[in-house]
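The values are calculated or read from the model by the stated rules, or taken from the named source; none is laboratory data. Keep in mind it's a predicted model, so treat the numbers as computed, not measured. Don't worry about glycine lacking a Cβ; one is built from the backbone with ideal geometry, like all the others, and counts go over all protein chains shown.
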Amino acid sequence: MLDHWLYIGLFFVVAMLLPGAAIFIASILAPKKPTPLKNSTYECGIETVGESRIQFRAQYYIFALVFLVFDVEAVFLFPWAAAYNQLTLFMVVEGLIFALILIGGLVYAWKKGALEWK
Amino acid sequence: MPNFWTDPIGFLTQWLTALLIGWGVAPEVVNFSLSLLGAIVLPLMAMLFVIFLIWYERKLYGRMQDRLGPNRVGPWGIFQTFADMGKIFTKEVITPTGVDLVPYNLAPILAVGSVLMAWSVMPLSVNIVGVNLSVGLLLVIAAGGFGELGIMMAGWGSNNKYALLGGFRAVALLISYEIPMVIAMLIPAMLAGSLNLTEIVANQDVPFILMAPVAALIFFITQVAETARAPFDLTEAESEIVAGVNIEYSGLKFGMFYVGEFLHAFTASMLFATLFLGGYRGPFVEQFPLIGIVYLLIKTFFVYFFSILFRGGLPRFRIDQMLNLNWKILAPLSLAMVFITALVDKTAVQLIGGQLDSTMLLVVRTVLLLAVNGVVFWVVTRLMEINIKPARRVVSGARPVATPGVSQQSPEDPQVPQEPQVPGEVSA
């Protein structure tokens, strides 16, 4: 078991190092002739006005919130799915009731109009 | 000593262990270095495989658009990607002023690294798998989430309004599509009773696409959305936000996003083949595990071909259409499928499980689930037809219609020719 996670850890390091090494090699091979104009922010030829990190619509935030609810739900449903073959019908229904509560949340968000893109 | 033909990885491991211990290396060091070797070989092969993938996709894409695709460098243009690689490695890497250096430089690495992570648990054949992890499916999902983090970091770090808009869209879209994807993945996990990808494959005496076709369809749509490719490529819509998140990247940093995208699409197809098409399973796999890799690749390329058809054949969705598709159709449908599959399957097993032998029970379950899926699919398509909205969203009202014979020009400049006005024209 520990071997498994050792392998995953090594794999993670290698997976991050491979593209990193490629970019490092490219940065050695590639020419470097920066000019102020070349390094300026691209905006279809005109100069950037004001701050680049602009305010965003609250809608994105709402979708991220709804996502969070469902993602947590999915994480709780995975053990239930893994144990599915040993469960009786009653336990399956119990798991579904848990999901139903969260579906109530989706219905609420839908009725509130949180899922409309205006 | 395991036989090379029935257990190639076990054979190589034992051989290398014996060799290294014979040289006087400590057993812990041997264990570590063999893990490291495996962890280097697998992602390296995946990275090199992309060279072929890019050629394959460009060739197919060209054919779909009535072009030849790359055909100059080597036979059928097969060395085109090597030429492109040579070019992109020597291109200047521009770092614009004002970027947030840490997320800006980390984003291309994450875009590739996250996809490579999924290969660590992907069962390539009976005994050929990076690591036989008990929670492999969760690791794949987590790795996918990492990739989205990379896109968001690129959007935030680039100090560019277009990139930031792309990052916003990534938050709303890529993240939303993860919900039906994860829930659709629940169904194969449930039918196999395990999160271990090897066990999911081993339990597919009947490919799960027959037991859960609707879940397979949902997974297919969402995996295309997850890779942010057409028709779901809103995060890098060239015509709207000028390539979005990769706008400020050049040279190999951009190339890494490109590699990540292709590899992600292929890995997602492989996951589809593993979860729904029976993975490496086929005749003679138990005797010769190496054949399993061929079966898996055939199935994966079959799925990949369809995702390229998808990409080439459909126009880009609008953001409200995409969100509606996700939250009002795919998410409720995937949850409903979990409910229906669990209830029907469990009830069938409890009612008639005792009377039939295992083969007959499997056949009955498959037929039952297939029928239920068909009914659900029919109902959903009927509901979508009933609730269909007008395809064109009217933003402004109709312009005043020109009355024939009455000039709308002001009397001061009668030389200006009168433009014919189309009645009822609206701008969408």
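Observations
- Any hit, region B:143-162, residues being outside any loop (DSSP other than H, G, I, E, B), among the aliphatic types (A, V, I, L, M), within 10 Å of chain A (Cβ to nearest Cβ) and surrounded by fewer than 23 Cβ atoms within 10 Å (Cβ to Cβ): yes
- Residue match in region B:246-259 (condition: surrounded by 24 or more Cβ atoms within 10 Å (Cβ to Cβ), among the basic types (Lys, Arg) and modelled with pLDDT of 85 or more): yes
- Selection status of A:Gly113, out of contact with any Phe, Trp or Tyr (no Cβ under 9 Å at 6 or more places or on another chain) and more than 9 Å from every other protein chain (Cβ to nearest Cβ): yes
- Just one residue in the set B:Gln355, B:Gln418, B:Gln350, B:Gln408 is at pLDDT below 80, part of a helix (DSSP H, G or I) and farther than 24 Å from A:Glu73 by Cβ; that residue is B:Gln350.
- Condition check for B:Ile94 on (1) on the phi > 0 side of the Ramachandran plot; (2) in a loop (DSSP other than H, G, I, E, B): one failure, at (1).
- Evaluation of A:Leu6 against (1) in contact with a helix residue (DSSP H, G or I) (Cβ under 7 Å, 6 or more places away or on another chain); (2) more than 9 Å from chain B (Cβ to nearest Cβ); (3) among the hydrophobic types (A, V, I, L, M, F, W, C) (one fails), failing number: (2)
So that you can scan it fast, the table gives a plain yes or no per residue for (1) more than 7 Å from chain B (Cβ to nearest Cβ); (2) exposed (fewer than 12 other Cβ atoms within 10 Å of the Cβ); (3) over 25 Å from B:Glu199 (Cα atoms):
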| residue | (1), (2), (3) |
| --- | --- |
| A:Thr35 | yes, yes, yes |
| A:Ser40 | no, no, yes |
| A:Met91 | yes, no, no |
| A:Ile103 | no, no, yes |
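- The lone exception for B:Leu335 - which of (1) modelled with pLDDT of 85 or more; (2) surrounded by 18 or more Cβ atoms within 10 Å (Cβ to Cβ); (3) hydrophobic (A, V, I, L, M, F, W, C); (4) within 17 Å of the chain's Cα centre (by Cα) it fails: (4)
One line per residue, one yes/no per condition, for (1) closer than 24 Å to B:Trp156 by Cβ; (2) more than 13 Å from the chain's Cα centre (by Cα):
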site: B:Ser250; (1), (2): yes, yes
site: B:Phe266; (1), (2): no, no
site: B:Ser269; (1), (2): no, no
site: B:Leu297; (1), (2): no, yes
site: B:Thr300; (1), (2): no, no
site: B:Arg311; (1), (2): no, no
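- Residue within region B:52-67 that is surrounded by fewer than 20 Cβ atoms within 10 Å (Cβ to Cβ) and either over 24 Å from the mean Cα position of the chain (by Cα) or within 13 Å of chain A (Cβ to nearest Cβ) (or both) present: yes
- Selection of region B:279-289 for residues being of a type outside the set (Ser, Thr, Tyr), buried (at least 16 other Cβ atoms within 10 Å of the Cβ) and at negative phi yields B:Arg281, B:Val285, B:Pro289.
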